[in-house]
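Chemist: One structure, as structure tokens, below. Some questions next.
The values are calculated or read from the model by the stated rules, or taken from the named source; none is laboratory data. Bear in mind the structure is a predicted one, so any value in this text is a computation, not a measurement. Counting neighbours? That spans all protein chains shown, and the Cβs are built from the backbone with ideal geometry, glycine included. Ligands, DNA and RNA are excluded from the accessible area calculation, which covers all protein heavy atoms including side chains. Shrake-Rupley method; radii C 1.70, N 1.55, O 1.52, S 1.80 Å.
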Amino acid sequence: MAHAPTRSRKPTDLNKGQILPVLFFILALIPQGVVAQVYGSSFHNVTVTVATVNIVQASAAVVSLTIGPADVTAGVDLMGPVTNSATSLLWGFNSSLRKVTVRTNLAAPKFILKVLCVTPSQGTASPEVTLSTTAADFLINTGRSSGTCTIRYSGTALASAGTGTDSHTITFTVAAQ
Amino acid sequence: MNHRQSMNRLTALFVGAAFLLIVVHSTGTAQVGTIQVRNGDQTLNIVAGTAGGSMTSVVNTTAQLRYWRKAAIAKVTVTTSCPGQSFSLSVVATGVTRGVAAPAVNLVNGMLAVDFITSIPSAGTWTSTTPTLRYTASATFAQGNSAEMGNDVHTVTYTLQVQ
């Protein structure tokens, strides 16, 4: 039986087990810029915190209502009403479901002063209230928002009560609803 | 030593040299020598607002970004991850002397990486530079507060790459 001729391996020939390391070596020589577009990354954490902020502010510090002769009807004890809508209330609530209440510091006023929230940009205006030292709802159903409304003051007096001046300090307070 | 032994030794030499080259390459792409955020994690606290307006924005300029000169013109990109993000955060590089700072970038959870500093030159003898990272946090009243919404925790990543 004839045998197939065998080829003699030259000393410089590579066997299969040597090809892989050689390819590995050649690949490692390829410049980094060709293989990878990214040089490196770095990161850090940045935290944003927001405090609870619920604020209201009246646009004017002083409001005046004067009941005078023009507001009197002969034979009628009730004088007025005289109204003032020059003041706005501004608010900013970042807590959910808030309301605004209103009260006066004057425990025994001589005349009657009422207040009403008019056309609020957010929430629901409560009915007109006669100011007392007990806080009453002024604006309700106000969620997280920033808004404004008109404050309408209405003053009346009884002719039988005579003349005089009531000085009120009106306080608007943000409360949880 | 016969032929087989000498070839085996040659093979071992190739493998060792390849391994060493790869180690050297990897060291060259490590954080030091490429890009590095300095001065650690940062916090911005929004604590005030204006009735009828917005919450008062807060700025932080403590962190810096150091990057090195590379063989090709390069750029830095920025991205963030902030699951459940409620508030606004933006960043801009200031004091950039190597490259061109992009306008302030709004950092939004899940955003793609966007250019932050471009045209970083490869020429010259400069080694590295360290501009400032100016973060601005803002919020509206409608976005709520941390007590109800939680804090926003961003992982902001800067990448130096070929432009």
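Chemist: Which residue, of B:70, B:75, is modelled with pLDDT under 95, over 30 Å from residue A:149 (Cα atoms) and of a type in the set (Lys, Arg)?
Modeler: Answer to the selection: B:70.
Chemist: Just give me the residues in the stretch A:130-160 being part of a loop (DSSP other than H, G, I, E, B) and at pLDDT 95 or above, in sequence order.
Modeler: Of everything in the stretch A:130-160, those that are part of a loop (DSSP other than H, G, I, E, B) and at pLDDT 95 or above turn out to be A:131, A:132, A:133, A:134, A:135.
Chemist: Tell me, yes or no, whether the stretch B:40-59 has at least one residue that is under 19 Å from residue B:155 (Cα atoms), more than 9 Å from chain A (Cβ to nearest Cβ) and not in a loop (DSSP other than H, G, I, E, B).
Modeler: Yes.
Chemist: Let me ask you something else. Condition first: of a type in the set (Asp, Glu), farther than 17 Å from residue B:60 by Cα and more than 16 Å from the chain's Cα centre (by Cα). Can you find one or more residues in the stretch B:115-136 that meet it?
Modeler: Looking through the stretch B:115-136, none of the residues is of a type in the set (Asp, Glu), farther than 17 Å from residue B:60 by Cα and more than 16 Å from the chain's Cα centre (by Cα).
Chemist: Looking at the stretch A:96-120, which of its residues are over 19 Å from residue A:53 (Cα atoms) and among the hydroxyl-bearing types (Ser, Thr, Tyr)?
Modeler: Those that are over 19 Å from residue A:53 (Cα atoms) and among the hydroxyl-bearing types (Ser, Thr, Tyr): A:104, A:119.
Chemist: Which members of the stretch B:20-39 meet the condition of being modelled with pLDDT under 95, open to solvent by 70 Å² or more (accessible area, probe 1.4 Å) and more than 8 Å from every other protein chain (Cβ to nearest Cβ)?
Modeler: Residues satisfying the conditions are B:20, B:24, B:27, B:32.
Chemist: Could you list, in sequence order, all residues of the stretch B:77-107 that are surrounded by 16 or more Cβ atoms within 10 Å (Cβ to Cβ), without any contact (Cβ under 8 Å) to a residue 60 or more places away in the chain and of a type in the set (A, V, I, L, M)?
Modeler: Across the stretch B:77-107, the qualifying residues are B:92, B:93, B:96, B:101, B:102, B:105, B:107.
Chemist: Looking at the stretch B:121-134, can you tell me whether even one residue there is free of Cβ contacts under 8 Å to residues at least 24 places away in the same chain, in a loop (DSSP other than H, G, I, E, B), open to solvent by 20 Å² or more (accessible area, probe 1.4 Å) and more than 9 Å from chain A (Cβ to nearest Cβ)?
Modeler: Within the stretch B:121-134, the first condition is being free of Cβ contacts under 8 Å to residues at least 24 places away in the same chain, and the residues that meet it are B:123, B:125.
When the remaining residues are screened for being in a loop (DSSP other than H, G, I, E, B), the result is B:123, B:125.
With open to solvent by 20 Å² or more (accessible area, probe 1.4 Å) added as a condition, the list becomes B:123, B:125.
When the remaining residues are screened for being more than 9 Å from chain A (Cβ to nearest Cβ), the result is B:123, B:125.
Yes - at least one qualifying residue is present in the stretch B:121-134.
Chemist: Consider residue A:110 carefully, then state whether it is under 22 Å from residue A:82 (Cα atoms), open to solvent by 40 Å² or more (accessible area, probe 1.4 Å) and in a strand (DSSP E or B).
Modeler: No: the conditions fail for residue A:110.
Chemist: In the set A:107, A:157, which member is farther than 30 Å from residue B:146 by Cβ, in contact (Cβ under 8 Å) with a residue 60 or more places away in the chain and more than 21 Å from the chain's Cα centre (by Cα)? Even if it seems obvious, please write down each step before you answer.
Modeler: Numbers: A:107 fails: in contact (Cβ under 8 Å) with a residue 60 or more places away in the chain.
Result: A:157 is the single residue among A:107, A:157 that is farther than 30 Å from residue B:146 by Cβ, in contact (Cβ under 8 Å) with a residue 60 or more places away in the chain and more than 21 Å from the chain's Cα centre (by Cα).
Chemist: Another question, then. Return a yes/no flag: does the stretch A:76-90 have any residue that is open to solvent by 40 Å² or more (accessible area, probe 1.4 Å), within 14 Å of chain B (Cβ to nearest Cβ) and closer than 30 Å to residue B:86 by Cα. First the steps, then the outcome.
Modeler: Keep residues of the stretch A:76-90 that are open to solvent by 40 Å² or more (accessible area, probe 1.4 Å), which gives A:76-78, A:81, A:83, A:85-86, A:90.
After this cut, where a residue has to be within 14 Å of chain B (Cβ to nearest Cβ) as well, the list is A:90.
If we keep only those that are closer than 30 Å to residue B:86 by Cα as well, we get A:90.
Within the stretch A:76-90 (the criterion being open to solvent by 40 Å² or more (accessible area, probe 1.4 Å), within 14 Å of chain B (Cβ to nearest Cβ) and closer than 30 Å to residue B:86 by Cα), the answer is yes, since at least one residue qualifies.
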